[in-house]
Amino acid sequence: MKQITKAVIPAAGLGTRFLPAIKACPKEMLPIVDKPTIQYIIEDSGIKDILIISGHNKRSIEDHFDRNPELELNLEEHGKADLLEQVKAIADINIHYIRQKEPKGLGHAILCAKSFVGDEPFAVLLGDDVVYNDENPCLKQLIDVYNTYGGSVLGCQTVPQEKVSSYGIVASEATAAERIFKVNDMVEKPAVDEAPSRLAVLGRYVITPEIFSILERTEPGRGGEIQLTDALKVLAKQQNMYAYDFIGRRYDVGDKQGYLEATVEYALRREDLKDNFLEYLKKVVK
Ligand code: UTP
């Protein structure tokens with residue numbers, strides 16, 4: 001079985017739910033405490049070969065992962081060794097970029113990764129979704145499932161009934177293994193009364209390369225966009241596909257409530273911040 005060595009991070013979406021903040025600053029660069037969202041995603045992935053699908057107005061992502069000699073010199077001169085090390089480490093990650101010239105949908109963004117990925121299964125991490133699990137990162141959990149069962153693996157969790165129309169929802173059956181379901185069908189953002197389940201795909205995937213030929217034939221679907229869900233639905237009929245109910249708290253940072261919740265969780269996990277921050281929160285909610 002081929003190992004997962006490559007990851008694709010789509011980050012070319014418009015992010016309209018977070019306007020006006022993201023007019024000039026991409027939502028993937030919104031900081032959670034003191035690090036951009038996309039940096040948490042890359043660090044948690046454990047993957048060294050990464051392609052970011054970039055787009056219009058997304059230059060600051062490339063700048064962030066580049067060297068900044070002027071800043072490094074300044075930190076060195078002022079004896080800020082810790083910060084210098086952090087700033088240099090960011091630029092050590094090997095990142096490739098390709099532009100999605102128009103945001104034609106997540107499926108179209110993934111298709112832009114075709115030549116980077118080649119004929120291998122690969123990981124997809126959405127650029128605005130973080131999952132908090134400090135012991136076993138979400139993508140590692142998915143890769144463990146892939147290494148045992150093969151096929152494609154979708155990172156899923158059960159969402160409340162009223163939220164099903166915000167996600168790709170799977171129709172699946174239980175397997176002998178806990179937390180692992182066999183996917184039979186999928187639907188993108190179904191109406192509440194048409195959803196086949198409450199099991200939603202949440203921003204992490206392991207996908208086999210056969211997805212690319214399917215995406216090439218996929219017509220625009222919901223919202224006039226080329227939907228990854230529509231292509232995955234076809235792939236699930238051709239090969240084994242699993243929904244894995246991952247362990248961890250997932251935040252949609254492209255959504256205001258999700259962003260605020262992520263900020264609180266990550267701040268409370270920081271040794272240098274948690275005590276004062278918790279005191280402050282207690283004062284605020286009194
Ligand atoms: P979203 O579903 O959050 O869509 O994309 P969006 O268009 O960015 O945001 P809203 O709904 O207008 O607020 C999920 C991920 O897929 C990427 C986004 O950048 C985000 O990381 N994406 C989406 C692309 O790369 N290209 C697209 O055409 C659409």
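Looking only at segment 1-18, count every residue that is open to solvent by 30 Å² or more (accessible area, probe 1.4 Å), within 19 Å of residue 106 (Cβ to Cβ) and part of a loop (DSSP other than H, G, I, E, B) and tell me the total.
The number of residues fulfilling the criteria is 2.
Restricting attention to segment 126-156, and to residues there that are touching an Asp or Glu at 6+ places or on another chain (Cβ under 8 Å) and either within 16 Å of the ligand (Cβ to nearest atom) or hydrophobic (A, V, I, L, M, F, W, C) (or both), which single residue is farthest from residue 60 (Cα to Cα)?
Applying the first criterion (touching an Asp or Glu at 6+ places or on another chain (Cβ under 8 Å)) to segment 126-156 yields 127-132, 137-139, 156.
Now narrow it down to the ones that are either within 16 Å of the ligand (Cβ to nearest atom) or hydrophobic (A, V, I, L, M, F, W, C) (or both): 127-131, 138-139, 156.
Details: 127: 14, 128: 15, 129: 18, 130: 19, 131: 23, 138: 26, 139: 25, 156: 30 Å.
Per the stated criteria, the residue is 156.
Please list, ordered by first then second residue, the pairs with beta carbon atoms under 8 Å, 6 or more apart or interchain, first in segment 134-163 and more than 20 Å from residue 200 (Cβ to Cβ), second surrounded by 16 or more Cβ atoms within 10 Å (Cβ to Cβ) and among the hydroxyl-bearing types (Ser, Thr, Tyr).
149/242
Residues in segment 53-70: is at least one free of Cβ contacts under 8 Å to residues at least 60 places away in the same chain, part of a helix (DSSP H, G or I) and hydrophobic (A, V, I, L, M, F, W, C)? Spell out the reasoning first.
At the first step, the residues of segment 53-70 found to be free of Cβ contacts under 8 Å to residues at least 60 places away in the same chain are 54-70.
Filter once more, keeping what is part of a helix (DSSP H, G or I): 59-64, 69-70.
The next check asks that each one be hydrophobic (A, V, I, L, M, F, W, C); those that pass are 61.
Within segment 53-70, one or more residues are free of Cβ contacts under 8 Å to residues at least 60 places away in the same chain, part of a helix (DSSP H, G or I) and hydrophobic (A, V, I, L, M, F, W, C).
Given the conditions (1) open to solvent by less than 50 Å² (accessible area, probe 1.4 Å); (2) away from the ligand (no atom under 16 Å from the Cβ); (3) touching a residue at least 60 places away in the same chain (Cβ under 8 Å), which single one is not true for residue 45?
(2)
Confirm whether residue 38 is within 9 Å of the ligand (Cβ to nearest atom), of a type in the set (Val, Ile, Thr), modelled with pLDDT of 95 or more and more than 16 Å from residue 258 (Cβ to Cβ). First the steps, then the outcome.
Working: within 9 Å of the ligand (Cβ to nearest atom): yes; of a type in the set (Val, Ile, Thr): yes; modelled with pLDDT of 95 or more: yes; more than 16 Å from residue 258 (Cβ to Cβ): no.
No; evaluated as a whole, the condition is false for this residue.
Here's the yes/no breakdown for (1) closer than 15 Å to residue 109 by Cβ; (2) among the small types (Gly, Ala, Ser); (3) away from the ligand (no atom under 16 Å from the Cβ):
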residue: 29; (1), (2), (3): no, no, no
residue: 54; (1), (2), (3): yes, yes, no
residue: 81; (1), (2), (3): no, yes, yes
residue: 84; (1), (2), (3): no, no, yes
residue: 95; (1), (2), (3): no, no, no
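From the list 163, 182, which residue is charged (D, E, K, R) and farther than 27 Å from residue 265 by Cα? Let's see the steps before the verdict.
Values: 163 fails: farther than 27 Å from residue 265 by Cα.
Selected residue: 182, the only one of 163, 182 that is charged (D, E, K, R) and farther than 27 Å from residue 265 by Cα.
If I ask for residues that are among the β-branched types (Val, Ile, Thr) and touching a strand residue (DSSP E or B) at 6+ places or on another chain (Cβ under 8 Å), which ones from segment 135-178 would you list? Walk me through how you get there before you give the answer.
First, the residues of segment 135-178 that are among the β-branched types (Val, Ile, Thr): 143, 145, 148, 153, 158-159, 164, 169-170, 175.
Matches in segment 135-178: 143, 145, 153, 158, 159, 164, 169, 170, 175.
What number of residues within segment 23-38 satisfy the criterion of being touching a strand residue (DSSP E or B) at 6+ places or on another chain (Cβ under 9 Å) and either assigned to a helix (DSSP H, G or I) or surrounded by fewer than 16 Cβ atoms within 10 Å (Cβ to Cβ) (or both)?
Start the filter on segment 23-38 by keeping residues that are touching a strand residue (DSSP E or B) at 6+ places or on another chain (Cβ under 9 Å), which leaves 26, 28-30, 32, 37-38.
Then drop every residue that is not either assigned to a helix (DSSP H, G or I) or surrounded by fewer than 16 Cβ atoms within 10 Å (Cβ to Cβ) (or both), which leaves 28-29, 37-38.
Going through segment 23-38 one residue at a time, the tally reaches 4.
Please go through segment 16-48 and give me each residue that is under 17 Å from residue 265 (Cβ atoms) and touching a Ser or Thr at 6+ places or on another chain (Cβ under 8 Å), ordered by number.
30, 31, 32, 33
I'm told residue 200 meets every condition in (1) part of a helix (DSSP H, G or I); (2) of a type outside the set (S, T, N, Q); (3) within 15 Å of the ligand (Cβ to nearest atom) except one. Can you identify the failing condition by its number?
Evaluating residue 200 over (1) part of a helix (DSSP H, G or I); (2) of a type outside the set (S, T, N, Q); (3) within 15 Å of the ligand (Cβ to nearest atom) leaves (1) as the failure.
Among the residues of segment 60-77, are any closer than 25 Å to residue 222 by Cβ and within 16 Å of the ligand (Cβ to nearest atom)? Reasoning before the result, please.
We begin by selecting, within segment 60-77, every residue closer than 25 Å to residue 222 by Cβ; these are none.
No, the conditions are met nowhere in segment 60-77.
The values are calculated or read from the model by the stated rules, or taken from the named source; none is laboratory data. The shown structure was predicted, so the numbers you read here are calculated from the model rather than taken from an experiment. Quick reminder, even Gly has a Cβ in these numbers, built from the backbone with ideal geometry, and neighbours come from all protein chains shown. Side chains included, ligands, DNA and RNA excluded: accessible areas come from the protein's heavy atoms. Shrake-Rupley method; radii C 1.70, N 1.55, O 1.52, S 1.80 Å.
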